[in-house]
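K.L.:
To start, I am sharing the structure in question, which I have written as structure tokens.
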Amino acid sequence: MYNPLLDTFIAVADCKSFTKAAEKLFISPTAVMKQMNNLEEHLTVKLTERTPTGVRLTPAGEVIYRDAKFMIDYSQKSVAAAKAKTKEYDTTFCVGTSLLNPAKPFMDLWYKLNHNFPDYKLHLVPFEDNHEGILSEIKGLGEKFDFLIGVCDSKAWLSFCSFLPLGRYKKMIAVSREHRLANKKLVEISDLYGETLMMVKKGDSGVNDFIRNDLETNHPQIKIEDTPHFYDMSVFNRCAETGNVLLTIECWQDVHPGLVSIPVNWDYSIPYGLLYSLNAEEDILRFVEKVEELL
């Protein structure tokens, strides 16, 4: 960070001789004089002058000498602090977290496995659940954050990340608190007859496409309304405002205070798991390996 010619200048000032400074620096006296000339040209001030008893500092040289050691020491401390910060960053797992993709499942894994990573810390990185921008967040794996835990049966998501399944979430429904089904503890599929069921449109999720096909074939009394491929708060708001029924999952029961989530007597579920970069670093892959061993 500082001009390395200052080291030569300090050696000359301390030794009061170009020759002795050269011996101290293990270079030639000619090289010392050339470096001093370059430093003086760079600073546009005369730093030394020859005398019968050796080399002495000019008044300007005295000022530079007084501050040079401080600058060198400060620069060295700054570089050391920067390296320490880099090491700290290199030993930090950044975990994405949002309302629909909370970091808690990752934390549960971490407390079971962190003894394998004694020097590592966690840093939570919040992001927005926006159906138009979520793919850019998934692309950020490996850059913006290292891990994300979420529901993942999306062809689009899986084209941008690696996925380690951890389990499955049951499919449920959500309705407004004023809805006729709101007080039920368990809903039968027949209870949904005559209702409008909101669910993601076709084409991105094999699980949701299967559910849609099953309902359309065997329960045509249920009207289906398309939502975007990826839920965000606007989808939950529409459910609350229209009185429709929303196809949701068990981990989203508290997402919207105006909605009640109710289990349904069916076997529908969807996988959730650990998402990480397609080009993950070695320590990321090592963590994934430990998760696999735990499972």
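K.L.:
Filter region 136-187 down to the residues that are more than 30 Å from H123 (Cα to Cα), among the charged types (D, E, K, R) and part of a strand (DSSP E or B) and list them by number.
P.N.:
Restricting attention to region 136-187, the residues satisfying the condition of being more than 30 Å from H123 (Cα to Cα) are 171-187.
With among the charged types (D, E, K, R) added as a condition, the list becomes 171, 177-178, 180, 184-185.
Residue satisfying the conditions is K171 alone.
K.L.:
For region 221-234, give me each residue that is within 36 Å of the chain's Cα centre (by Cα), in a loop (DSSP other than H, G, I, E, B) and under 20 Å from S269 (Cβ atoms).
P.N.:
H229, F230, Y231
K.L.:
Kindly list the number of the only condition in (1) more than 35 Å from the chain's Cα centre (by Cα); (2) modelled with pLDDT under 95 that fails for H123.
P.N.:
(1)
K.L.:
Give the residues of region 1-22 that are open to solvent by 50 Å² or more (accessible area, probe 1.4 Å) and more than 21 Å from D67 (Cα to Cα), sorted by residue number.
P.N.:
Selection gives T19, K20.
K.L.:
Regarding region 80-91, can at least one residue be identified that is assigned to a helix (DSSP H, G or I), open to solvent by 20 Å² or more (accessible area, probe 1.4 Å), modelled with pLDDT of 80 or more and acidic (D, E)?
P.N.:
Within region 80-91 (the criterion being assigned to a helix (DSSP H, G or I), open to solvent by 20 Å² or more (accessible area, probe 1.4 Å), modelled with pLDDT of 80 or more and acidic (D, E)), the answer is no, since none of the residues qualifies.
K.L.:
From the set of residues in region 240-276 that are surrounded by 20 or more Cβ atoms within 10 Å (Cβ to Cβ) and of a type in the set (F, W, Y), which is nearest to the chain's Cα centre (by Cα)?
P.N.:
Checked region 240-276; the qualifying residue nearest to the chain's Cα centre (by Cα) is Y276.
K.L.:
Moving on. Considering only region 282-295, state which residues are within 30 Å of M172 (Cα to Cα) and open to solvent by 30 Å² or more (accessible area, probe 1.4 Å). Step through it out loud before you land on a result.
P.N.:
Within region 282-295, the first condition is being within 30 Å of M172 (Cα to Cα), and the residues that meet it are 288, 291-292, 294-295.
Hits for region 282-295 are E292, L294, L295.
K.L.:
Please state which of the following conditions K201 fails to meet, knowing it meets all the rest: (1) farther than 16 Å from S154 by Cβ; (2) open to solvent by 30 Å² or more (accessible area, probe 1.4 Å); (3) free of Cβ contacts under 8 Å to residues at least 40 places away in the same chain; (4) not hydroxyl-bearing (S, T, Y).
P.N.:
(1)
K.L.:
Now, a different point. Can you find a residue in region 35-55 that is modelled with pLDDT under 80 and either among the aromatic types (F, W, Y) or touching a Leu at 6+ places or on another chain (Cβ under 8 Å) (or both)? Please lay out each step first, then the result.
P.N.:
Let us first name the residues in region 35-55 that are modelled with pLDDT under 80, namely none.
No: region 35-55 contains no residue that is modelled with pLDDT under 80 and either among the aromatic types (F, W, Y) or touching a Leu at 6+ places or on another chain (Cβ under 8 Å) (or both).
K.L.:
Would you mention how many residues in region 167-180 are open to solvent by 90 Å² or more (accessible area, probe 1.4 Å) and within 39 Å of the chain's Cα centre (by Cα)?
P.N.:
Taking region 167-180 first, the residues open to solvent by 90 Å² or more (accessible area, probe 1.4 Å) are 168, 170, 177-178, 180.
Checking the rest, the ones that are also within 39 Å of the chain's Cα centre (by Cα) come to 168, 170, 177.
Residues flagged as open to solvent by 90 Å² or more (accessible area, probe 1.4 Å) and within 39 Å of the chain's Cα centre (by Cα) within region 167-180 amount to 3.
K.L.:
While we're here: Take region 23-50 and flag every residue that is within 17 Å of Y65 (Cα to Cα) and among the basic types (K, R).
P.N.:
K46, R50, listed by residue number.
K.L.:
Now for a separate question. Could you tell me how many of the residues in region 186-195 are open to solvent by less than 70 Å² (accessible area, probe 1.4 Å) and either among the aromatic types (F, W, Y) or in contact with a Leu (Cβ under 7 Å, 6 or more places away or on another chain) (or both)?
P.N.:
2
K.L.:
Within region 32-63, which residues are free of Cβ contacts under 8 Å to residues at least 40 places away in the same chain, under 51 Å from the mean Cα position of the chain (by Cα) and open to solvent by less than 30 Å² (accessible area, probe 1.4 Å)? Write out each step before concluding.
P.N.:
Looking only at region 32-63, we keep the residues that are free of Cβ contacts under 8 Å to residues at least 40 places away in the same chain, and these are 32-54, 58-60, 62-63.
When the remaining residues are screened for being under 51 Å from the mean Cα position of the chain (by Cα), the result is 32, 34-45, 47, 60, 62-63.
Residues satisfying the conditions are V32, M36, L39, E40, L47.
K.L.:
Working carefully through the options N183, N237, N279, N218, find the one that is at pLDDT below 95, surrounded by fewer than 18 Cβ atoms within 10 Å (Cβ to Cβ) and either more than 30 Å from C94 (Cβ to Cβ) or under 36 Å from the mean Cα position of the chain (by Cα) (or both). Spell out how you get there, then give the answer.
P.N.:
Details: N183 fails: at pLDDT below 95; N237 fails: at pLDDT below 95; N218 fails: at pLDDT below 95.
One residue alone meets the criteria, N279.
K.L.:
Would you mind telling me which numbered condition in (1) open to solvent by 40 Å² or more (accessible area, probe 1.4 Å); (2) within 24 Å of G96 (Cα to Cα); (3) touching a residue at least 12 places away in the same chain (Cβ under 8 Å) Y231 fails?
P.N.:
(1)
K.L.:
Pick out the one residue from L25, L100, L109, L113 that is at pLDDT below 85 and either surrounded by 13 or more Cβ atoms within 10 Å (Cβ to Cβ) or aromatic (F, W, Y) (or both).
P.N.:
After ruling out the rest, the residue left standing is L25.
K.L.:
Let me ask another. For a quick check of your reading of the model, give me the residue pairs whose first member lies in region 120-149 and is on the phi > 0 side of the Ramachandran plot, whose second is of a type in the set (S, T, Y) and outside any loop (DSSP other than H, G, I, E, B), with beta-carbon atoms closer than 9 Å and at least 6 apart or on different chains.
P.N.:
Cβ pairs passing all conditions: G142/Y276; G142/S277.
The values are calculated or read from the model by the stated rules, or taken from the named source; none is laboratory data. Just so it is clear, the structure is predicted and the values come from calculations on it, not from any experiment. Because the Cβ atoms are built from the backbone with ideal geometry, glycine has one as well, and the counts that use them run over all protein chains shown. We work out accessible area using only protein heavy atoms, side chains counted, and drop any ligands, DNA or RNA first. Shrake-Rupley method; radii C 1.70, N 1.55, O 1.52, S 1.80 Å.
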